[in-house]
Structures are given as structure tokens and as C-alpha cells.
1. Look through 5, 33 and report the one residue that is part of a helix (DSSP H, G or I), more than 19 Å from the chain's Cα centre (by Cα) and at pLDDT 95 or above.
2. Check every one of the helices (runs of 4 or more DSSP H) wholly within region 339-435 and list those with 3 or more residues that are within 23 Å of the chain's Cα centre (by Cα).
3. Take residue 152 and tell me if it is out of contact with any helix residue (DSSP H, G or I) (no Cβ under 7 Å at 6 or more places or on another chain), modelled with pLDDT of 95 or more and assigned to a loop (DSSP other than H, G, I, E, B).
4. Is it the case that some residue within region 257-273 is touching a helix residue (DSSP H, G or I) at 6+ places or on another chain (Cβ under 9 Å) and surrounded by fewer than 20 Cβ atoms within 10 Å (Cβ to Cβ)?
5. Only one of (1) assigned to a loop (DSSP other than H, G, I, E, B); (2) over 30 Å from residue 118 (Cβ atoms); (3) modelled with pLDDT of 95 or more fails for residue 204. Which number is that?
6. Here are the criteria: (1) touching a residue at least 40 places away in the same chain (Cβ under 8 Å); (2) closer than 25 Å to residue 92 by Cα. Tell me which single one residue 430 does not satisfy.
7. Taking the residues in region 109-135 that are free of Cβ contacts under 8 Å to residues at least 24 places away in the same chain and exposed (fewer than 12 other Cβ atoms within 10 Å of the Cβ) as candidates, determine which candidate is farthest from the chain's Cα centre (by Cα).
8. Could you check how many residues of region 89-148 are under 30 Å from residue 10 (Cβ atoms) and part of a loop (DSSP other than H, G, I, E, B)?
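The values are calculated or read from the model by the stated rules, or taken from the named source; none is laboratory data. Because the structure is a prediction, the values reported are computed rather than measured. Please note: Cβ atoms are built from the backbone with ideal geometry, for glycine as well, and neighbour counts cover all protein chains shown.
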């Protein structure tokens, strides 16, 4: 198999280092567990230094490891152990915004003449970009707007997500230079690729929705071209949620010159609905309708991840059916509307056996499967955290190693059932690549 396309037959496991294994040294010691499950690639959720307003997606230093996770040396030790087992590693790369504690923004917010000023978006009035989405209005502490007032310079900076996450100005070519340099830094430490967080939001443009606009695709193609030159084996995974025909654009056309792999969010919704109904016809229909993608591209298929489950592409009736089944009181609803923050074990608490057919459907798809940590042992939502403003934290609890030990020793457990499916998936995928 061409090593450049290693990801085409990989099975990914998505995890927070601290929640799964405490730190990078601990993660190195847990690789045997992942091997037993049949995992061949790890997606590490943000591990960078951060004030943790948004669980690490507010990055304050892109070239280091959060102190509670260890040191860069510990990261290198982990990478060596992963390589020994032929387990690939990709990192989450937050390109849309930084933490307000990042040195770039700390300099920019204090002076209109600082060289870092043009790394961000500023306004004297806070009235521009009215059509640009405000993703977290309920989580913005200062106000519910995209423009956040900055007292030091008496103007406003732009944010798409939390108020503490100022958006980068990708119209400034120096931002591209800095970010590709950061990618090079991690590739030199052995990393095999990156998940591009909020891939569709990079460029903001007046009189547009500033989501997936042509200028953003130009930037993503340039990032891909950079990798093709310096690290042709490295993959890009795009997080982009939209209508299927729009999401396909993140592959970059027939040449697949943008992102190698793209999340298929609507498919996740249909997989869960199909398991609920014991009817996979809607999944088969979606596969037939949406898998006409570039030959070297792949959809990323998943059931759950670190975010809320988006139900945006379901009909009102389907959405109501799912809520009525798993969360009639809307306890775990994400406040912006139709989304829900629940692990599989909570969604199917009335009938846990429905989790197995869901994974069976997932791992038989001609796609790159991603398993979210803890789903393979039926972990439930973390309810010890009270009632968080950000309901996504319900699905980001500490990994239950006691439960994992019990399941590993039980041949009929969910863990061992999924392990058999992952190995069969790899065999089928590898045969397809050789044919």
C-alpha cells in the first residue's frame, strides 16, 4: 500500500490526553489497549497550552504541550511508542482563532500600531460582517455579538465562537506563514496530519455568510500544497458541517487538492436514527447519494465525537422522534437549537443493544471510521459536573478504566465486538486498495 495514503485503511480513535490517560507518558502506556481494539490512528484533541475556556480550542501557544499533560519531551516519547506499533497520530489544529491570552493577541489588543494588530479583525463600530454566523451567542460572556469591545484601543475585535477566542485575519499572508510553520514544527516531531477545526470559517467577507466561501477554499488548497511539498504523507481532515454538496467542496474537486478526508455529519445523524428504528435504508440511501467523491478522498464516518450531535439535516419529525426517545426533557440539548450532547450509551439507554448495530453499520461503510474515546465500552455522560453552560462537557468525561478492564476480559462485551469489526474493516479496506 502507498504510504502516502495510509489513512485510507485506518481506524481512528479520538481522545483527550488528560481524560483518557492523564498525560502523554500515560498515553504511551495505554497504546496496548488501543492496539487490542484494532486502532491504527489516533486523533489527539487540543493538547496545547490554553486557559481552557473552550476545553483547549482557545490556544495560547501552538508550539508546546499543556503543562498538566507533560512536556515536549514526553510528547516525543509518546510518538516513538506510537511509531513502534505503526499507529499514526494526527493533531487538532485550530486555524480560525486563538486564545485572548495568546501573545499575538495580547500585543494586538494593547496598541493599534503593534505589528500583530493585522493578525486579527478590528472595527471602530462593530457593525460590519452582519451576515457572518455567531456560533455561540449563549456562551459569549461580554455580549451576544460577534464583535467584542476592547477597552484598551476603544474598538472591537471579531469572534465566531467564544468571546475569548479572537478570530485570525487570514487575509494577512503572515498568518498563513505562521500557521504552516507551526504545522512543520509538529510534522518534524513525527505527526502524520491534522484535523482542521472549523475549516469553513477562515475567511470573513462582507455581504456573505463567511462560511465555506471561495476564498476559504483557496487558503485550504494552499495549506494542502504546502504539505504536499514538505510532508506528502501528512493528511488533512476537514471539520465542515453543511449540506452535502457544499461539504464535498472541501475535497477540492476531482484532483482532491484540498483536504484528504472530510467529516460526514449528516451520515452520523442517519446512523443513529437507523439504529433507533432497526432500519438502515436511510443510511444506504445516503451512501448512494453522497459517496461520489474524488478517488483519493474519503469521508470520515463517526457516531459520536467531542461536540454535540448535530441534528441539523434531519427533518423536524425525525428530530422530534430522536429527542422524544433519548432526551424528552431536553436536558442535554445544546442551547443554539437542534443539537444534543449525549454519548451513545445515553442515547440508547432504553435499549443498549442498539449500540452494536450502530457500530456494525459504521464499520462496514467505505469510509474512514472514527471512534470517540469511551464509546467502545459504553461510557455514559459525565453528570458529576452539574449543569454546565456548555452542554458538550457532558460527553468529555474521564475514561472509565475499571469498566474497560471488565469489558476486555469478557469475550461477549461491546469492546470485543467492536474490536472484531475494526479488524474486519481494515482487511476489507486494504483489499480494496490493492485491487
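1. 33
2. 344-347, 355-362, 414-434
3. Spelling it out, residue 152 is indeed out of contact with any helix residue (DSSP H, G or I) (no Cβ under 7 Å at 6 or more places or on another chain), modelled with pLDDT of 95 or more and assigned to a loop (DSSP other than H, G, I, E, B).
4. For region 257-273, residues touching a helix residue (DSSP H, G or I) at 6+ places or on another chain (Cβ under 9 Å) and surrounded by fewer than 20 Cβ atoms within 10 Å (Cβ to Cβ): present.
5. Residue 204 satisfies all of (1) assigned to a loop (DSSP other than H, G, I, E, B); (2) over 30 Å from residue 118 (Cβ atoms); (3) modelled with pLDDT of 95 or more except (2).
6. Checking residue 430 against (1) touching a residue at least 40 places away in the same chain (Cβ under 8 Å); (2) closer than 25 Å to residue 92 by Cα, the one that fails is (2).
7. Filtering first and then ranking leaves 113.
8. Restricting attention to region 89-148, the residues satisfying the condition of being under 30 Å from residue 10 (Cβ atoms) are 89-98, 135.
Restricting the remaining residues to those that are part of a loop (DSSP other than H, G, I, E, B) gives 95-96, 98, 135.
Here the count works out to 4.
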